[in-house]
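Written below as structure tokens is the structure these notes are about.
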Amino acid sequence: MTISQSSIPSDDCLPVLVSERKRHMSDFQDSRPQSPSASNVYEFSPEELVDKALRALQEAGVQLIEWKTLLYRRMGVPVILKDFHYLVPDEQLQLASKVLEEVQGLPRSIPPPLLMSTGGEFYSKATLYRVTRYTSAARAQHLVLYPSSFPAFAPSELEFQPRLTCLPNPLCKEVLVPTPSAAYASLIRMMRSYTRYDATRITLESDLSELIGYNLYGFDGYVDTDDEELCEDLQVDQRVEGAVRVVEEWRDTQQFREEERWIANALVLVVSGTWSVEDVPWADPLHRL
């Protein structure tokens, strides 16, 4: 077969091709082409788009459970609110997608390969709907839906609470929110289902560590535990003892599932400093296969 000279990219085209490839590797991609009129949706702010979308989902009968960034902010972790994470019953994900894509006009996003490889199931199980014009990983924001079977909260572990938002008069006013004890239990339960160095587990370890530090210990930033003077000033020992009492009260008042008392015991060991978050049991690699 003879390749004509015209079919070979010229040197002038190569920088453009390389740039396009880099963009594809680092940007979110729409799952289907968007019509020019679809850009009108971005006349609203991300918060407003999310609010409209959540109301539409609730009107369609979709159950929404606050999760990840939003839940952690509610529990006192000063995490940057970039994406809006919610859980949806597995059987309602298709309905939710129809509402968001066809009715609300939000494009469904495909994460760049790097995020897929480093984010584990927090990306492979997620369905993302872009709420900004931006598509770069640094600037794009999304409404992110997960199947509720992922963390698997029980109905008794959820309660309706006002939705956290900066909007003065939100359309979506309430969502289901996991109780604090359920939030911790779900993290440890999920950690137990992944192998030691799985990308998903590593993220869960970080989440658990931040929650304990900000929510249970009440710190307002990183604390160097090797700095004895600082620890004395911050009354670290007293904070740890108080946090342990909180977890023990959850355990003693049956706020953990009866068959999962090991989770309560593991959390006490981590909070007391006997274990690090890395010591929480992990899955046997053969079992994961």
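The values are calculated or read from the model by the stated rules, or taken from the named source; none is laboratory data. None of these values were measured; they are calculated from a predicted model. Neighbour counts are summed over all protein chains in view; Cβ atoms, including those assigned to glycine, are modelled from backbone coordinates with ideal geometry.
Looking at region 156-166, can you tell me whether even one residue there is among the β-branched types (Val, Ile, Thr) and either closer than 30 Å to VAL270 by Cα or touching a Ser or Thr at 6+ places or on another chain (Cβ under 7 Å) (or both)? Before the answer, list the steps.
Of region 156-166, the ones among the β-branched types (Val, Ile, Thr) are 165.
Now narrow it down to the ones that are either closer than 30 Å to VAL270 by Cα or touching a Ser or Thr at 6+ places or on another chain (Cβ under 7 Å) (or both): none.
No; the residues of region 156-166 include none that is among the β-branched types (Val, Ile, Thr) and either closer than 30 Å to VAL270 by Cα or touching a Ser or Thr at 6+ places or on another chain (Cβ under 7 Å) (or both).
Mind checking which residues of region 71-127 are closer than 15 Å to SER148 by Cα, of a type in the set (A, V, I, L, M, F, W, C) and in contact with a Phe, Trp or Tyr (Cβ under 8 Å, 6 or more places away or on another chain)?
Across region 71-127, the qualifying residues are LEU87, VAL88, ALA126.
Of the residues GLU91, GLU159, only one is of a type outside the set (S, T, N, Q), surrounded by fewer than 18 Cβ atoms within 10 Å (Cβ to Cβ) and in a strand (DSSP E or B); which? Reasoning before the result, please.
On the way: GLU91 fails: in a strand (DSSP E or B).
One residue alone meets the criteria, GLU159.
Of (1) surrounded by 18 or more Cβ atoms within 10 Å (Cβ to Cβ); (2) closer than 29 Å to LEU114 by Cα, ALA152 satisfies all except one. Which?
Here ALA152 clears every test but (1).
Conditions: (1) within 20 Å of ARG139 (Cα to Cα); (2) assigned to a helix (DSSP H, G or I); (3) at pLDDT 95 or above. VAL41 meets all but one. Number of the miss?
(3)
Can you tell me how many residues within region 44-82 are surrounded by fewer than 19 Cβ atoms within 10 Å (Cβ to Cβ), touching a residue at least 12 places away in the same chain (Cβ under 8 Å) and assigned to a loop (DSSP other than H, G, I, E, B)?
Counting residues in region 44-82 that are surrounded by fewer than 19 Cβ atoms within 10 Å (Cβ to Cβ), touching a residue at least 12 places away in the same chain (Cβ under 8 Å) and assigned to a loop (DSSP other than H, G, I, E, B) gives 10.
For CYS231, which of the numbered conditions (1) over 26 Å from THR203 (Cβ atoms); (2) hydrophobic (A, V, I, L, M, F, W, C); (3) touching a Lys or Arg at 6+ places or on another chain (Cβ under 9 Å) fails to hold?
(3)
Across region 211-226, what is the number of residues that are over 23 Å from THR179 (Cβ atoms) and at pLDDT 90 or above?
Residues in region 211-226 being over 23 Å from THR179 (Cβ atoms) and at pLDDT 90 or above: 1 in total.
Consider ALA243 carefully, then state whether it is buried (at least 18 other Cβ atoms within 10 Å of the Cβ) and either assigned by TED's automatic domain parsing to the domain that holds PHE153 or without any contact (Cβ under 8 Å) to a residue 40 or more places away in the chain (or both).
Against the criterion (buried (at least 18 other Cβ atoms within 10 Å of the Cβ) and either assigned by TED's automatic domain parsing to the domain that holds PHE153 or without any contact (Cβ under 8 Å) to a residue 40 or more places away in the chain (or both)), ALA243 qualifies.
Tell me the residue from SER276, SER206, SER181, SER272 that is surrounded by 18 or more Cβ atoms within 10 Å (Cβ to Cβ) and at negative phi, please.
Being surrounded by 18 or more Cβ atoms within 10 Å (Cβ to Cβ) and at negative phi holds for just one of SER276, SER206, SER181, SER272, which is SER181.
Failed condition for LEU269, given (1) over 27 Å from the mean Cα position of the chain (by Cα); (2) at pLDDT 95 or above; (3) over 20 Å from PRO178 (Cβ atoms), with all others met?
(1)
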